[in-house]
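Take a look at the structure set out below.
Every read-out reported here was derived from the displayed coordinates using simple, explicitly stated rules and does not represent laboratory data. Computed from a predicted model, the values in this text were never measured in an experiment. Heads up, the Cβs are rebuilt from the backbone with ideal geometry, glycines too, and the neighbour counts pull from every protein chain shown.
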Amino acid sequence: MMTEDAIMTPPSSQPTNGPRDTIIQLKFYNRPVDFWKRRYKDKEFWYKVSAVDMHRRESETLDFDGHESSNITDHIQESLVKIAVLKEGQCLPRPQEQFGHKYDSDEFVMFVTSPVDAEMMTFMVDFYIDDTSLGSRPVPEHIGFCYILPSNLRGTSGSCTMPITGKKHLPIGQLAVEYLMIKPLFGVDHGYIHMSRQWKPDRRGLDVGHRGAGSARRTEKVENVLENTIASFNYAAAHGADMVELDVQLSKDLVPIIYHDYYVNIAMKKKRSREDHEFLQIPVKDLSLEQLHLLKLSPVHKHDKMMYDFLEDDHQDNQPFPTLEHILEAVDPRCGFNVEIKYPMQRLDGTWDGCFDKMCNLNEYVDIILKVLFNHAKDRNIIFSCFHPDICAMIATKQTRYPLLFLTQGKTDKWPAYFDPRTRTVEMATFTALSLGFSGVNIHAEDLLKDRSLINFVKSHNLILFVWGDDLNDKAVIKQFKVDGVDGVVYDKIDEYGEHKEPIFIPDTSADRKALLNIIASSGNSDLVAASSAFSWASSGISNASDVTPVDPVPPSTPSMSGSAILLQT
C-alpha cells in the first residue's frame, strides 16, 4: 500500500524552489567518442568535463607580477560540473573524480552545471589514458582535449560534434554531445504543495480515467462522450475516477489546448460530389484556437465495430479542443488531473511522431503551460507526466509545486522505439527519474505483466509508480496491480472497471470552507461547527483560529445539504 509520504513528497535531490540561473546538461551516449589515432582506439581511457568561465578568464589574464598567466586551471571551475551515470548506484549527480569517468561506449552519462552566465560558459573535456605499454606512470597520461564553446550551444537543445586535439596540436578524434539549457520560470509562485494530507491511506491505488471516460468510446448505457472534453472528464469524475489523464499541447497562437493527436484530418469535398471526400492532415500546432473551434466533427465515427454519433451541435462541454484554463474551471474540483504534456519526439529510425518543424522552443513551450496551471489550478491536485525526458527535466527543475512522472512505453512491438535510450526500458526510466529528481515513473503495463519484479524494482527506489495501457481494460488486472502496490492505474472505461467511490481529493478553497461551515452553522450545532472548523484549519495548513475569516450567519432560506458530511471526511 502506498503511504502518505510516498505519493507527493519529492526526492531529496529536488530543489525546494525553482532555479534562479540557467542549468546546462551535457549528454554523452550512443558511442560519443571516436578516436582516429590507432594507438588509442582499443585502449581504456577516462574523460572529465570542466567549466571555463570566460568572464573570469578575461579578468585574470595577469598574475600578481603583472605577467600573463599560462596556467589554464586558474580559470576552470571544476566544482560547478557534476556527473550522473544512468546505472544502479551511479545515477545521483555527484562531483567528478580527479581524472574524470572511465569511458564506456554503452553508458548514458550526464554532466550538469549552473553557470552564472550561460552565454560566457565554455566547457573543456580532457581525455586521459593509463596504458601499461607506455611504461609505469604514477598518474594517467593526458592525451588530448576539446572545447565546447558557447557558439556550439545554440538554442534550448541540440547536438554538436567537436574535434579532439592531441598533444601535438593535431586532431586525434571527435566528440559528439547533446545539450539542454533549462531556463528558470519567472512571474509565478511555484512553491511546493504537499498533497499527502488529502491521501486516504486505505486506498490501494488511484483510479485515473484515460482521457477522461476513455479513448473516444462510449457504451450503450449513456450518450456519446468524446475523449479529452469537459463532458468526458466530469463523467469520469462522477463514476469513481480519482484523477483524469489529459493531453496538453499548444495551438498556433500558443494557447494550451486539450487534444491527444498531433494532427487533425480535415475533410475536403470534391467538386460535383455530394458524398466523396478527400482528407487533408494538418498539424494541430498550425491552427489557431479559433480555427480549431471552427472545425466540425464528423457525424459518424467508426470505432471498435460500433457507431458513435459525435454531432457538431452537441453540448459545448462535449466539443473537442477545450483550453487548459477552461477545464480547470469547469471540471469537478474534487477530481485530480494527470496532465500529460505532448511534444514531438524522434524515433530510433529517424522519423518523428509529430510535426517538429517550427515548434516553439522547449523552455517557452513548458513555461506557457506551467503559468496557466499555476494561475488557474487553485487547490486542484495535479500530477505531470510526459514521454519527453528533456521536458520532464524542465518541469522538475522549473517548479516543485506538482509531482512529475516520467512516461515510458518500454519494450514493446506496438509502437516504434524512440531514439533517446532513456525511454526504452523500465530500468532506464527509473535511473532517469532518480538522476533528475522526478517523483516517479508511469510505465506501460505490457512490461510489468511480462515481468512483475519490475514493480518491486521501481518501488525499491522510493519512486511513485503509475501504469497505463490497453492491457488494463480488465477489472482483474487493475485489481492485481493495486494489490501489488502500484500507486495509480490509468485506464479506459472507468465506469465499467473502476470502483464506485467518493473522490479522495477534497477541495480546500476558502469559499468551499465557508460554504460548508455556513451550512453546518444553520443547524445550530456548535460542537459540529467547532469540529468542522478544526478540519478546515488542519487541511489548509492554518495553525491558528485567528487566521480564519469569520463565518457570516446563514440566511434562514439556505437549503439543507444532506450529503455535506461526506465532504468533511478526512
Ranked packing of 476-488, 328-340, most packed first, by mean Cβ within 10 Å:
328-340, 476-488
Calculate the FRET efficiency for W36 and H315 from the Cβ-Cβ distance with a Förster distance of 56 Å, rounded to the nearest 0.05.
0.25
The local net charge around E340, scoring Lys/Arg +1 and Asp/Glu -1 for residues other than E340 whose Cβ lies under 14 Å from its Cβ, equals -3
If each part is reduced to its alpha-carbon centroid, the range 82-125 and the range 465-502 end up apart, in Å, by 39 Å
With a 10 Å radius around each residue's Cβ, average the other Cβ atoms per peptide and rank 283-293, 349-359, highest first.
283-293, 349-359
Computed FRET efficiency, Cβ-Cβ of L149 and H169, R0 22 Å: what is it to the nearest 0.05?
0.80
Set K285/K342; K358/K398; K183/K371, cut-off 18 Å on Cα-Cα distance; pairs above it are K358/K398
